[in-house]
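The structure under discussion appears below in the form of structure tokens.
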Amino acid sequence: MELLTVVEEMLLLTVFKLGDNAYGVPIRETVMEMTGKRIVYGTLYNSLNQLVRKGYVRTERGEPTAARGGRSKVFYRLTDYGTEALQFTRDRRSAIWADVPDLA
Amino acid sequence: MANLPPFSPPSWARWLLKRLAAYDQLNGSMGDFEEIYHNTASRVGVSAANRWYISELLATLPEYLLQSLLWRIQMFRNIIKTAWRVLKKERLFAAINIFGLAIGLTASLLIFLWVHHELSYERHHAHADSIYRVITVKDAVQNVRVPVTPSALAPQLVSDYAEVAAACRVRQTPQSLQRLDEKTSQMRVQVAFSERALFDCFTHPLVEGRMDAGWDQTPSIILTVNTARRFFGDASAVGEMLELQGQRLSVAAVVENAAGPSHLNFEAVVPLAVLERIDHRYDGESWAGLTLWTYGRLHEGTNADGFEAKTQTLIQAHRPESEYVLQLQPLRDIHLRALEGSDPISTIRLYAGLALFILIVAAINFINLSTARSSRRCLEVGLRKTLGARQSELMMQFQGEALLQTGIAFGLALLLSALLLPEFNALTGTPLKLDVLVSGGRWIMVAALPFVLGGLAGLYPAMVLSAFKPRQVMHKGGGHQFSHHFRQGLVILQFVLSLILFIGALGVARQLQYLQNKPLGFDATRLYYTEMQPMAPEGFEALRAALTAHPAIVSVTRTNMPLLDLGFETDHVFWEGQQPGEKVNVQIRTADAAYLNTLKMTLSQGRFFEAERGVDQGQSCVLNESAVRTMGLDDPVGKWFSFGEEQIRIIGVVRDFHHHSMHTAIEPLVFVHWPLYSRTLFLRINPGQREAAMAHLRSVWPRIRPDAPFQVRSFTAALDALYRNERHTATLVWWLGGLAVLVACLGLVGLTTYTVETVRKEIGIRKVMGATARGIVAQITGKYVRWVMLSIGISWPLSYLMLHGWLQGFAYRTPLSWDLFLSGGATILVLAALTVSALVLRAALVPPVKTLRCE
């Protein structure tokens, strides 16, 4: 099992938190809130595609809506492998941070 | 839900986003964009939403572009990889394809180089387009055009005409030069006797030394860099002394070599003042003779036609009795258009056409073989399409294969050209270099060539192959009818072109042979000639005796000019029985009693000059048959003839002989006995004694021409030079014809191999049923033979027209008889039939059990 990068970790967490509503628009908003930085869509989709390729998430097509110009939403769901990776990363990270006193 | 929202993003932005995201349909990014846009629009306003949409789009752009580029490179690599695999799998086809194309490309590359060289004459002169050579035309109707002009012309042009920026006179002859300190031996150098203005017309930048205004009057010489190096090595040449015909000349300056080919190919320039001292016949400022070349550079923007009209009658203005008018010839035309006879530019066009022919043949070959493979590839196409490949993608794949092959062929062609260039240069007598291909931005065109060629040649196969419908090809597994007919047409076209080249080569060779074998009317073998000093009859008799005293020299005569030149002629002649107003242009040759026997001409009537009869000198003449015919003399001997002064007697008639190249008809000619005009010496030498004769000549030389180095020319060599162009044409057409036939036969090999492969089982079954190998070969070969026969039928009239046109340039031509066409056609037919039947025979001899075993 490989350690996730920060971007991967953030995206996977977002997908997890959003649950049934994890598609492009809310994912972008959440990540922007978390980081406080503007995220360009091209970057977002490339990162998401990468997660799909690595098998951490899978996509699911929703109903088309008028507000989307007649296009369907594409939802992202964590795969089991993705959940495992997230858990693994969290464990490792906690272990690293465990014996660190307050930095300030 | 189906209703669209009342506002939508700008359509161009939407279109752009759609294009960019086209490869990436998985994550619904388009939909997300729309949704945010819609939200923003309803919350904040449409213009804010538009702003957001566009800024988002622009921010995304680089990312998307990078992605799509990476994808394209990936795709290209994939195409090349697949193409390479296909190439390795079908080695024979690939080899034939590439080799055929490489041959065609090599031939056209070499000919391109040659054509480029021919067209680049004079182009390096900065003012090339405003320089003109003045030529002299006699009577304007008779079309006698010579490049020589009176020596007083150039100064007058400069002083009287504001249009003239500079004008110069040139006489260019090879001369022997020697260093005064005699550190090097004598060297032959092409010397231009000219003036300082030469460098105002033509571009030869100064390297060292100076060219003062007074240079024209000083005994000095200007050398080109190469000549300076020949004499003085790397040391500075300026101030050194050279000797030319006893004149001491100091080197005033060194100028750059000519930067390109030019009809003026001098290696040194000497003032005309020096020429006056060497050649006593040369008169510095005179309107009388036509003595040297005159060039003028007009100011930019001058109307050359208007200027020509003004200067046309300059000679007549000074000498009212003159029949000469002046014309201007653009500098760039000098090499490309002949003053008489056929223009070199037509030869250049012919060669360019031939190169194009052979390239077409090679390209057809390529197209043919690629489409012939189609039925092998159609299953692949079907499968790829079933798996979702689009036609455009498949086309790219096939185009990629074509490009790979043309790329390799092009590399091979460059290599072959580099290897063959020395041979080619020896053949055409030109100093061609490959770097012309890459100089001056031309490399872009050269580099683009394989792409264009590959694109064009691959287009049709790609269209045919990619258009297969999966259901059809999976079901039947065959190519289609249209491409079969198309291929057949191409093969026929290919053979027609090859046949035209081949028959053309045969025809050119036959004409050349005809020229070389046609009786000249005199014997050119072992005949030598040289220039001599003017001599009184007694002096010449003593010289003749000294020469013929040696057993190697048979006989000696003298005349006014080498036989093969034209020029000494007049139409100011009169004869007994002349109709009023009747005019004939006759060539004048001087001769003495020994002339007829030395040249071994035959007399048809009367007698030739006889030494004993003093009356012959200046009072008799001998005509050739052509003159007798043109003047309409029935019984010429004894009648009178005149050049406008006293009447002289016609004492005899000689058989017509070719006194010039066979491009022109034999002209009327008159022999007169004028010893003082006779400055050319003719000698006939005994067989096998050339060395001895030359040694003897060398010892007598100071009496022949004390002012010039030893130089004796052979008549056969001069004749050879006369037909050099034709020989080059013949050799080149031979090569091209042979190559075209080779390429066409290569194509046949490919096509036959393919046919044989598709009918292997059929052959097996036929054999089981009792067919003989002979019958099978006859059946398959028959089809190809019919194609070739059709091509022969088409090519005959076409090649007849081409050869007929080419032969019009000769006054004496071999008849275009049927056996020429028959033998050309038959050769190709036999070659094609042999090629095909050998391949089919190999397949027909395979035991049926081998081909049928697996079913």
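The values are calculated or read from the model by the stated rules, or taken from the named source; none is laboratory data. Since the structure is predicted, the reported quantities are computational estimates derived from the model, not experimental observations. We place every Cβ from the backbone using ideal geometry, glycine too, and count neighbours over all the protein chains shown.
Couple of notes before you dig in:
- Restricting B:ALA107, B:ALA102, B:ALA95 to those that are free of Cβ contacts under 8 Å to residues at least 12 places away in the same chain, outside the structural domain of B:GLY353 (by TED's automatic domain parsing), within 27 Å of B:VAL741 (Cα to Cα) and under 39 Å from the mean Cα position of the chain (by Cα) reduces the list to B:ALA95.
- Listed by first and then second residue, the pairs linking a residue in region B:32-45 that is at the interface with chain A (Cβ under 9 Å from one of its Cβ atoms) and closer than 21 Å to A:LEU44 by Cβ to a residue that is part of a helix (DSSP H, G or I) and aromatic (Phe, Trp, Tyr), with Cβ atoms under 6 Å apart and 6 or more places separating them unless they lie on different chains, are B:TYR37/B:TYR53.
- Where strands (runs of 3 or more DSSP E) fall entirely within region B:116-210, none has at least 3 residues that are in the same structural domain as B:THR224 (by TED's automatic domain parsing), buried (at least 21 other Cβ atoms within 10 Å of the Cβ) and out of contact with any strand residue (DSSP E or B) (no Cβ under 6 Å at 6 or more places or on another chain).
- Filter result for B:ALA744 (surrounded by 19 or more Cβ atoms within 10 Å (Cβ to Cβ), of a type in the set (A, V, I, L, M, F, W, C) and assigned by TED's automatic domain parsing to the domain that holds B:SER817): yes
- Residues in region B:46-57 that are more than 10 Å from chain A (Cβ to nearest Cβ) and in contact (Cβ under 8 Å) with a residue 24 or more places away in the chain were compared, and the one that is farthest from A:ASN49 (Cα to Cα) is B:VAL46.
- Checked against (1) touching an Asp or Glu at 6+ places or on another chain (Cβ under 8 Å); (2) closer than 30 Å to B:PHE366 by Cβ, B:PRO155 passes all but a single condition, namely (2).
- Hey, B:ARG337 over 29 Å from B:ARG229 (Cα atoms), modelled with pLDDT under 85 and among the basic types (Lys, Arg) or not: yes
- Residue within region B:283-303 that is in a helix (DSSP H, G or I) and among the basic types (Lys, Arg) present: no
- Looking across region B:311-321, just one residue is loosely packed, with under 13 Cβ neighbours inside 10 Å and outside any loop (DSSP other than H, G, I, E, B), and that is B:ALA317.
- Just one of the listed residues (B:VAL270, B:VAL274) is assigned to a strand (DSSP E or B), surrounded by 18 or more Cβ atoms within 10 Å (Cβ to Cβ), of a type outside the set (S, T, N, Q) and more than 30 Å from the chain's Cα centre (by Cα), and it is B:VAL270.
- Scanning region A:50-69 for residues that are out of contact with any Gly (no Cβ under 9 Å at 6 or more places or on another chain), more than 10 Å from every other protein chain (Cβ to nearest Cβ) and in a helix (DSSP H, G or I) returns A:GLN50, A:ARG53.
- Matching residues in region B:414-436 - criterion: being over 19 Å from B:TYR121 (Cβ atoms) and surrounded by 15 or more Cβ atoms within 10 Å (Cβ to Cβ): B:LEU414, B:LEU416, B:SER417, B:LEU420, B:LEU421, B:LEU427
- Screening the candidates B:ALA228, B:ALA235 for the property of being within 34 Å of the chain's Cα centre (by Cα) and not in a strand (DSSP E or B) yields one hit, B:ALA228.
- Extreme residue, farthest from the other protein chains (Cβ to nearest Cβ), among residues of region A:14-48 that are of a type outside the set (Val, Ile, Thr) and in a loop (DSSP other than H, G, I, E, B): A:GLY36
- Selection count where residues are among the β-branched types (Val, Ile, Thr), surrounded by fewer than 18 Cβ atoms within 10 Å (Cβ to Cβ) and touching a residue at least 60 places away in the same chain (Cβ under 8 Å), scope region B:508-551: 1
- Restricting attention to region B:760-788, the residues being exposed (fewer than 14 other Cβ atoms within 10 Å of the Cβ), at pLDDT 85 or above and under 18 Å from B:GLY747 (Cβ atoms) number 1.
- Looking across region B:394-436, the residues that are of a type in the set (D, E, K, R) and either out of contact with any helix residue (DSSP H, G or I) (no Cβ under 7 Å at 6 or more places or on another chain) or in a loop (DSSP other than H, G, I, E, B) (or both) come down to B:GLU423, B:LYS433, B:ASP435.
- Restricting attention to region A:70-86, the residues being more than 14 Å from chain B (Cβ to nearest Cβ), surrounded by fewer than 19 Cβ atoms within 10 Å (Cβ to Cβ) and within 17 Å of A:LEU18 (Cα to Cα) number 3.
- At least 2 residues being among the hydrophobic types (A, V, I, L, M, F, W, C) and more than 18 Å from B:GLN533 (Cα to Cα) is the threshold, and among the strands (runs of 3 or more DSSP E) wholly inside region B:627-710 those reaching it are B:640-642, B:647-654, B:669-672.
- Qualifying residue in region A:58-72 (condition: touching a residue at least 24 places away in the same chain (Cβ under 8 Å) and under 13 Å from A:VAL15 (Cβ atoms)): no
- Filter result for the condition that a residue is touching a residue at least 60 places away in the same chain (Cβ under 8 Å), more than 22 Å from B:ILE36 (Cβ to Cβ) and among the polar types (S, T, N, Q), over A:THR79, A:THR89: A:THR89
- Scanning region B:574-590 for residues that are assigned to a loop (DSSP other than H, G, I, E, B) and in contact with a Lys or Arg (Cβ under 8 Å, 6 or more places away or on another chain) yields B:GLU576, B:GLY577.
- Matching entry among A:LEU3, A:LEU11 (being more than 8 Å from chain B (Cβ to nearest Cβ), more than 13 Å from the chain's Cα centre (by Cα) and at pLDDT 80 or above): A:LEU3
- Residue, farthest from B:MET662 (Cα to Cα), within region B:805-818, restricted to residues that are within 20 Å of the chain's Cα centre (by Cα) and not in a loop (DSSP other than H, G, I, E, B): B:GLY805
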